[in-house]
Every structure is written in structure tokens, then in C-alpha cells.
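Here's the structure, in C-alpha cells; my notes come after.
Just so it is clear, none of the values below were taken in a lab; they were calculated from the coordinates. Just so it is clear, the structure is predicted and the values come from calculations on it, not from any experiment. Backbone-built Cβ (ideal geometry, glycine too); neighbour counts: all protein chains shown.
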Amino acid sequence: MYFMKNWYKKNSIAIAPYIFIAPNVLLFLIFMIIPIIFTFYISFHDWGILGAPVFIGFQNFVKLFSDKVFWTSLGNTVYYTAATVPLSAAFGLLGAILLNRKIPLRPIFRTIFFAPVVVSMTAAGLIWTWMFNPHYGLFNEILSYFGIGSVDWLTSTTWAMPAIIITTLWLRIGYCLVIYLAGLQAVPDSLYEAADMDGANDWQKFWRITLPMIKPTTVFIIVMEVIHGFMVFDLIYTMTNGGPGFSTTVIVQYIYQKAFVEGDMGYASAIGTVFFLIIMVLTAIQLRIGRDDS
Amino acid sequence: MKSTATPISHEEHPETNPTRNFRNITSMQPKRRRKRSFTVKQTVAFIALCFMALLFIMPFFWMLSTSLKSPEEVSSKNVTLFPEELRWSNFIDALDAAPFLGYIGNSLIVSILAVALTVFINCLAGYAFAKYSFKGRNFLFLMVLSTLMIPVQITMVPNFFILKELDWINSYAGLIVPRAAEAFGLFLARQYILNIPNSLIEAARIDGASEFKIFTKVILPNIKPLIAVLVIFTFMWRWNELAWPLIVVSENSMYTVQLGLAMVKGEHYIEWTQIMPLTLLSIIPILLVFLFFQRYFIQGFVGSGMKE
């Protein structure tokens with residue numbers, strides 16, 4: 001006992017960090033890394049709710065490639081991400097530029113724009129489902145003031161996804177705005193003063209100074225929002241559950257549907273595996289962009 | 001603006017004050033000051049911001065307004081902005097329709113215990129990753145970070161069986177422990193602790209402090225703003241989470257707030273004048289935390305962006 005204590009004391013600098021990271025690393029290992037590997041393994045099996053997994057080789061993947069819903073859900077994921085990322089970044093930047101000056105009520109504005117960021121997607125989904133109600137909702141009512149007729153938002157295969165995108169903008173613009181505000185405040189005044197002396201107008205200053213100077217912020221926001229877009233689940237689960245038809249089904253929700261509603265664990269794992277590979281490719285691209293940038 | 005003041009002053013080490021990083025970037029003062037008083041541009045910006053703010057408040061207002069309307073008013077052809085009369089009894093009706101106070105209790109237990117566990121192990125690991133050099137450090141850190149991109153749904157099937165094996169289905173342990181290792185929190189902790197001067201740690205070591213004592217006596221007192229950020233974020237993550245409880249919980253008595261909300265919508269007997277009060281109740285705790293600790297929320301979000 002004494003020797004052990006002595007030995008630890010002598011080597012504590014070498015051992016302590018492993019003890020410190022142990023809880024975290026163990027939890028990651030058990031609930032993240034091992035499950036990912038296990039997902040790969042299950043994806044080669046036929047596994048229903050009952051019974052043992054049966055090895056079927058690549059059959060799940062073959063089925064996947066001819067599964068129209070899979071391609072639809074992949075398309076919807078891309079649609080959702082491609083719409084929400086640039087729009088929330090652009091509106092966030094616009095708001096940040098408007099706020100980045102001496103203006104009355106500035107902290108109140110910032111609080112208002114940021115507040116939806118802390119609201120859960122489930123709650124936001126419910127509020128906006130009710131906002132988008134075609135008969136009793138506020139959204140159509142507001143549109144009618146502008147002479148736009150009633151739209152069946154969440155029950156229309158065309159308009160359900162735009163409705164979810166609008167909800168996402170409400171949730172995410174504040175986040176982009178706050179990050180952009182910090183980015184804008186880091187741009188040195190001297191650049192604008194020099195531009196003033198050269199007689200540049202606001203438009204030129206925005207394109208020539210602001211936008212290039214905040215490029216790292218933009219890259220960061222795009223990375224964060226793409227992660228967000230690819231993982232969206234709660235919002236769709238509460239608002240449409242993928243419907244009508246499969247018009248708002250996204251990949252993560254399709255995985256959930258297959259595994260826990262239909263009980264097809266093997267097939268769900270195959271979708272998970274393919275999606276994992278897509279995410280890895282995406283991460284590699286983002287790392288490359290990030291490296292080129294810095 | 002008052003909020004530029006840091007919560008904890010580091011008089012002893014002003015030049016290496018780690019709170020500075022956060023303070024500067026969240027400063028409320030606009031950096032560019034115009035000498036002219038109130039220009040046309042400012043007026044235009046102000047009006048645009050008012051319009052934008054109105055759009056952002058609208059859904060909150062609509063939720064509140066619906067919460068206080070009668071079911072008849074809600075389902076009438078005329079959409080009204082303000083309730084004809086304030087029907088506070090909606091809240092009682094809503095709580096009768098679903099055992100929502102129990103869900104709130106579950107969520108509070110889960111969120112508070114998760115905060116304690118997550119903040120402690122993230123700070124501990126963040127310290128190790130920031131201030132020790134050991135074999136496998138970069139590999140392990142990258143491994144942890146790479147999980148940031150992985151949605152719960154990919155690991156959902158195996159996790160369900162692991163939870164079953166551990167007998168953690170429908171338990172607080174199942175809701176709390178597997179999600180305690182937060183990649184984002186660990187990342188934030190490491191970034192922040194990197195700024196603490198090594199001399200502080202070395203001095204304590206020369207005084208004969210054990211490694212764990214250095215963590216509790218030197219590191220912890222110097223990372224209070226980080227701890228505040230982590231506490232608030234972990235609370236928000238756990239309070240708002242839906243996908244994980246969806247896997248872990250099937251018994252109604254173990255429902256969290258978000259699960260309760262998600263399930264309530266599917267029920268046919270429930271009215272929007274009951275759903276909106278429940279939604280409001282679910283948002284109030286996190287909104288209060290946000291309003292009181294807004295600075296930390298923004299510090300956390302912005303601080304995480306300064307990684308490169």
C-alpha cells in the first residue's frame with residue numbers, strides 16, 4: 001500500500017491526466033464509439049423487434065439504393081440545410097449590421113432576437129404548428145393583410161417544408177446574429193476610417209472591408225448551421241412527423257421511424273451507416289475549408 | 001451598459017485574466033462611434049430593427065394570447081390578436097389533461113443532476129487536455145470532438161440495447177449518465193483553461209499540492225465564468241432535449257417536459273387552448289434562466305466560435 005502510494009506520488013503528473021479524462025472518455029466510448037461500430041455491424045444483418053440478428057451481407061444496402069423514401073429523405077435533408085444555412089446567416093448578418101451602431105434599445109433588441117435560440121425545438125414546433133394553422137392561425141391572418149390567400153401550410157406537400165424552414169429561421173437567426181455581432185466588433189475602425197478618406201460608400205465598405213474581414217465568422221456559422229441542418233429532428237417530429245406523405249421526412253427521422261416505429265433494426269442501421277459516411281465526408285470538406293482559411 | 005462588467009474580477013492577474021476573452025467579444029458597446037447625433041441611417045436601422053423585433057416577438061405573443069383565450073374564441077372564424085377575456089383557468093384545464101407538473105419535476109431532476117455531473121467531468125477532462133501532455137492526448141481529443149457531428153439517431157439502435165443491458169430504460173440514470181460527456185462542453189472547457197497561466201499550476205505543484213488538489217484549489221476558482229457558461233448550457237441542453245428521452249423513456253411517469261409536449265400534440269381530446277399553456281410552462285424556466293444569465297449564454301455561444 002505504501003509503495004503504491006509512493007509510486008503514484010512520483011508518477012502523478014503522468015497518471016493524473018488519464019484519471020481526469022477517464023469519466024469522459026469512458027462515456028464516449030460506451031455510448032458513442034462502440035454504438036457506431038455496432039451500427040456498422042448490425043447494418044449487415046436482418047433484425048426485427050423479435051429474434052436474433054441474421055447475417056444477410058449487403059442486402060440492406062442494396063435495398064437502400066432502390067428505396068425511394070431514402071432518397072426523398074436525403075433530398076429533403078439537403079433541401080432543408082441548403083435553405084436554412086444561407087438564410088439564417090444572411091438575416092443574422094443583416095441584423096448584426098443594423099445593431100452594430102449607436103441605437104436606442106440596443107440590448108433589448110439583442111435579447112428579443114436571441115430569445116428563440118434557448119427555446120426547445122419541441123416547443124417552437126408546437127407554437128409554429130399553431131401559427132401555421134390554416135383556419136385559426138396567425139400566419140395566414142397576417143398574410144391576408146397583404147392580400148395573400150390562405151395557404152394550407154403543414155398539410156401541403158409543397159408548403160410543409162417551407163413552413164419548417166421559416167420556423168427554423170426564427171430559432172436560428174438570433175444565434176447567427178450574436179456571433180456576427182462579435183465578429184463585426186473585431187473589425188478595426190482604422191479600416192473604415194481609411195475607406196472614408198478614400199471616399200468609399202457604405203456599399204463598397206461592406207463588400208470590400210466588412211465581408212472579407214468577417215470571413216472566419218462566416219465559415220464558423222456555416223459549419224455550425226450545416227451540423228444543425230443535418231441533425232434536425234425534434235422540429236420535424238413535432239410539426240409534421242415527416243408528412244404529408246414523405247414531403248418533410250429527413251434522414252435522422254427516417255432512421256428513427258425504421259428502428260423504433262417499424263422495428264426494422266438492421267435496415268435502420270444501414271441508413272445510419274450511410275448517413276455516418278456522408279457526415280464524415282462533409283466533416284473532411286469542412287476541415288479542409290477551415291484549414292485553407294486560417 | 002452595465003453588462004460589460006465581468007462577474008468575477010481577477011485583480012491578482014489582470015494581464016492574464018481569462019475572463020477577458022469573453023468580456024471583449026460580448027461587449028455591448030458598439031465599437032464604431034459616430035460623432036453625428038441621430039442620422040437618417042440610424043433612424044432607418046432603428047425602424048428596420050423594430051419591424052424585425054415585432055416578427056420575432058409574434059410567436060411568443062401568439063402562444064401567450066392563445067393560452068388565455070376560450071376554446072370558442074380560438075375556433076371562431078375571426079382571428080383575434082388579444083383574448084376577449086383572460087381565461088387563466090386554461091392552465092388548470094391543461095394540467096388536468098396531462099400530468100405536466102410531474103414531467104416538469106422529472107425534467108428538473110434530470111437537468112440539475114446532469115448539470116452537476118457534466119460540468120464536473122468536463123472541467124476535469126478539459127483541464128487534463130489543456131494542461132498536461134500525455135500519450136494519446138491529441139488522438140483522444142479529436143475522437144471526442146468528432147462526435148460533435150454525430151446525431152443521436154445514428155447510435156440509437158445500439159444504445160437502446162446497451163441501456164436495456166444496464167437496466168436503465170425508464171430511469172433517471174439512463175436519461176442522465178450517457179449524455180453527461182458533452183463534446184461541446186469539453187471543447188469549451190479546454191479552450192478556456194488553456195488561458196490560465198502555467199505559472200499558477202507550477203507554483204502550486206512546488207508547494208506540494210497533489211494533482212487533484214491543483215484542480216480544486218487552483219483551476220476551479222479561476223474558471224468561474226466557464227462554470228457559469230457550462231451550467232447554463234447543460235441545463236438548456238437537458239431541458240430542451242427530445243431525441244434521447246424518446247429512446248430511454250416509454251413509461252408516462254418518467255416523461256420529461258419535451259416528451260410530454262411532443263406526445264400531447266398527438267392526443268385528439270386536447271385543445272390548442274390547453275397545448276399553448278403547457279408550451280408556455282415548458283418555456284418559462286429556460287426563458288427565466290436566459291433573461292437572468294443572458295451574458296453567459298452569449299459568452300458561451302460566441303466563445304465557442306473563437307476556436308481557430
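Quote the charge dipole size of the protein assembly as shown about the Cα centre in Debye, to the nearest 20; the model charges only the Cβ of Lys and Arg (+1) and of Asp and Glu (-1). Mind showing how you got there, number by number?
Values: 43 positive and 35 negative charges, 474 e Å.
Rounded to the nearest 20 debye, it is 2280 debye.
Kindly provide the chymotrypsin sites (Phe, Trp or Tyr not before Pro) of segment A:86-187 that DSSP labels as loop, not H, G, I, E or B, and whose Cβ sees at most 13 other Cβ atoms within 10 Å. Let's see the in-between values first.
Numbers: sites: A:91, A:109, A:113, A:114, A:128, A:130, A:132, A:136, A:139, A:145, A:146, A:153, A:159, A:170, A:175, A:180; in loops: A:132, A:136, A:146, A:153, A:159.
Passing both the DSSP loop test and the Cβ count: A:146.
Expressed in whole Å with the largest first, what are the equivalent ellipsoid semi-axes of segment B:93-304 derived from the C-alpha gyration tensor as the square root of 5 times each eigenvalue? Intermediate values should be presented prior to the final figure.
Working: eigenvalues 273, 79, 39 Å².
Working from the Cα gyration tensor, I get semi-axes of 37, 20, 14 Å.
All other residues with a Cβ under 14 Å from the Cβ of residue A:70 taken together, and with Lys, Arg as +1 and Asp, Glu as -1, what is their net charge? Please report the intermediate quantities before stating the final value.
Values: positive: A:63, A:68, A:258; negative: A:67, A:262, A:264.
Neighbour charge sum, excluding residue A:70 itself: 0.
Using only alpha carbons, build the gyration tensor for chain A and give me the equivalent ellipsoid semi-axes, biggest first, whole Å.
Numbers: eigenvalues 310, 230, 70 Å².
One finds semi-axes of 39, 34, 19 Å for chain A.
Given a Förster radius of 45 Å and the C-beta distance between residue B:84 and residue A:111 as r, what FRET efficiency does 1/(1 + (r/R0)^6) yield to the nearest 0.05?
Values: r = 30 Å, r/R0 = 0.67.
With R0 = 45 Å, the Cβ-Cβ based efficiency is 0.90.
Nearest 20 debye, what's the magnitude of the dipole of segment A:166-286 about its Cα centre given +1 on Lys and Arg Cβ and -1 on Asp and Glu Cβ? Walk me through the numbers on the way to the answer.
Numbers: 5 positive and 9 negative charges, 51 e Å.
The dipole magnitude comes to about 240 debye.
List the GluC sites (Glu not before Pro) within segment B:210-263 that fall in a DSSP loop (any state other than H, G, I, E or B) and whose Cβ has at most 16 other Cβ atoms within 10 Å.
Numbers: sites: B:211, B:241, B:251; in loops: B:241, B:251.
When the GluC sites (Glu not before Pro) of segment B:210-263 are filtered for loop state and at most 16 Cβ neighbours within 10 Å, B:251 remain.
Expressed as a rounded percentage, what relative contact order does chain B have, with Cα pairs under 8 Å and six or more residues apart?
Numbers: 286 pairs, mean separation 96.9, N = 308.
Over chain B, the number comes to 31 percent.
Is any helix in chain A, taking whole DSSP H runs, at least 27 angstrom long along its axis by alpha carbon and on average at least 1.0 on the Kyte-Doolittle scale, and which ones?
Numbers: long enough: A:2-28 (33 Å, 0.54); A:68-99 (46 Å, 1.14); A:160-185 (38 Å, 1.55); A:265-293 (41 Å, 1.13).
Membrane-span-like by this rule: A:68-99, A:160-185, A:265-293.
Let me have the relative contact order for chain A, percent, based on Cα pairs under 8 Å that are six or more residues apart. If you can, show how the numbers build up before the last one.
On the way: 307 pairs, mean separation 86.9, N = 294.
That works out to 30 percent.
Suppose we take every Cα in the protein assembly as shown and form the convex hull; what volume per residue is that in Å³? Before the final figure, lay out each step's value.
Details: hull volume 112.3 nm³, N = 602.
Spelled out: Cα convex hull of the protein assembly as shown, divided by residues, is 187 Å³.
Let's see if you can work this out: charge +1 on each Lys and Arg Cβ, -1 on each Asp and Glu Cβ, no other charges. What is the dipole magnitude of segment A:68-293 about its Cα centre, in debye to the nearest 20?
Working: 12 positive and 13 negative charges, 37 e Å.
The calculation lands at about 180 debye.
Roughly speaking, what is the centre-to-centre gap between segment B:252-291 and segment A:40-65 when only Cα atoms are used, to the nearest Å?
Comparing the Cα centres of segment B:252-291 and segment A:40-65, I get a distance of 37 Å.
Check each of the chymotrypsin sites (Phe, Trp or Tyr not before Pro) in segment B:252-306 and keep only those in coil by DSSP with at most 14 other C-beta atoms within 10 angstrom; list them in order. Spell out each step's value before the answer.
On the way: sites: B:255, B:269, B:272, B:290, B:292, B:293, B:296, B:297, B:301; in loops: B:255, B:269, B:293.
Passing sites in segment B:252-306 are B:269.
Multiply the residue gap between residue A:287 and residue A:241 by 0.36 nm, knock off their C-alpha separation, and tell me the result in nm, one decimal place. Kindly include the intermediate steps, with their values, before the conclusion.
On the way: separation 46, 0.36 × 46 = 16.56 nm, distance 3.28 nm.
Stretched out fully, the residue A:287 to residue A:241 stretch lengthens by 13.3 nm.
For the charge dipole of the protein assembly as shown, defined by +1 on Lys and Arg C-beta atoms and -1 on Asp and Glu C-beta atoms about the Cα centroid, which residue among A:58, A:130, B:198 has the Cα displaced farthest towards the positive pole?
B:198
Rounded to the nearest 0.05, what FRET efficiency do residue A:102 and residue B:164 give with R0 = 51 Å and r taken as the Cβ-Cβ distance? Could you check? Could you put the intermediate results ahead of the total?
Details: r = 59 Å, r/R0 = 1.16.
Computed FRET efficiency for residue A:102 and residue B:164 comes out at 0.30.
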